[in-house]
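Please read the structure below before turning to the comments.
The values are calculated or read from the model by the stated rules, or taken from the named source; none is laboratory data. Remember, predicted model here, so these are calculated numbers, not experimental data. Neighbour counts run over all protein chains shown; Cβ positions are idealised from the backbone, glycine included.
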Amino acid sequence: MDKKNLLFIEKNHRLILWIILGLSLIVDIITTTIGLQKGGYEQTSFLISFVGSPILHLVIKIFIYGIIFVVIESIIFISNKIRILEIKKCSDENSLTIIDLTYKIIYGACIFTIILFICFTLIVQANNMTFILTHHSFL
């Protein structure tokens, strides 16, 4: 597979993961708000003062998402720039392999981190949905 196609695939699957993470954070806000309306409470001490207002909760989640996005994308960008600079300086095939492998390990760790955040939000949503579905409101 040529490098242009590989780069295209890398960017697209990262984009898909970022979209999934963003959507799961929005669903988390919705399920948290519904859970609070049904008598639940926020278990994350940092968010307790923010979840009463869905708009403020959304702003905080966007801020958190932004920080995660900037940090991970910066790591990928910088490590790729370093990889390119090292490849230009290097002529030894073994060193090129090590440089590429190092970049791929860093890239893989970044993708793994995004997936961990997605899993965390899915666990929170499952907890919220369990509460919502088991606490009926009778009129």
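Quick one: is residue 66 of a type outside the set (D, E, K, R), in a loop (DSSP other than H, G, I, E, B) and within 23 Å of residue 128 (Cβ to Cβ)?
Values: of a type outside the set (D, E, K, R): yes; in a loop (DSSP other than H, G, I, E, B): no; within 23 Å of residue 128 (Cβ to Cβ): yes.
No, not satisfied.
State the number of residues belonging to the range 42-67 that are of a type in the set (Gly, Ala, Ser), within 19 Å of the chain's Cα centre (by Cα) and surrounded by 11 or more Cβ atoms within 10 Å (Cβ to Cβ).
Looking only at the range 42-67, we keep the residues that are of a type in the set (Gly, Ala, Ser), and these are 45, 49, 52-53, 66.
Next cut, within 19 Å of the chain's Cα centre (by Cα) only: 66.
Narrowing further to those that are surrounded by 11 or more Cβ atoms within 10 Å (Cβ to Cβ): none.
Qualifying residue count, the range 42-67: 0.
Tell me which of these residue 74 doesn't satisfy, since it passes every other one: (1) modelled with pLDDT of 95 or more; (2) under 30 Å from residue 31 (Cβ atoms).
(2)
Do we have any residue at all in the range 89-98 that's in contact with a Ser or Thr (Cβ under 9 Å, 6 or more places away or on another chain), in a helix (DSSP H, G or I) and surrounded by 11 or more Cβ atoms within 10 Å (Cβ to Cβ)?
no
Check off (1) at pLDDT 90 or above; (2) farther than 20 Å from residue 122 by Cβ; (3) hydroxyl-bearing (Ser, Thr, Tyr) for residue 49 and give me the number that stays unchecked.
Only one criterion is unmet by residue 49, namely (1).
Conditions: (1) exposed (fewer than 14 other Cβ atoms within 10 Å of the Cβ); (2) farther than 30 Å from residue 135 by Cβ; (3) in contact (Cβ under 8 Å) with a residue 40 or more places away in the chain. Residue 39 meets all but one. Number of the miss?
If we test residue 39 against (1) exposed (fewer than 14 other Cβ atoms within 10 Å of the Cβ); (2) farther than 30 Å from residue 135 by Cβ; (3) in contact (Cβ under 8 Å) with a residue 40 or more places away in the chain, just (2) comes out false.
Which of the residues spanning the range 15-46 are in a loop (DSSP other than H, G, I, E, B) and more than 15 Å from residue 124 (Cβ to Cβ)? First the steps, then the outcome.
Filtering the range 15-46 down to residues in a loop (DSSP other than H, G, I, E, B) leaves 38-44.
Scanning the range 15-46 gives 38, 39.
Do we have residue 128 as surrounded by fewer than 10 Cβ atoms within 10 Å (Cβ to Cβ) and part of a helix (DSSP H, G or I) here?
On the way: surrounded by fewer than 10 Cβ atoms within 10 Å (Cβ to Cβ): no; part of a helix (DSSP H, G or I): yes.
When the stated conditions are applied, residue 128 does not pass them.
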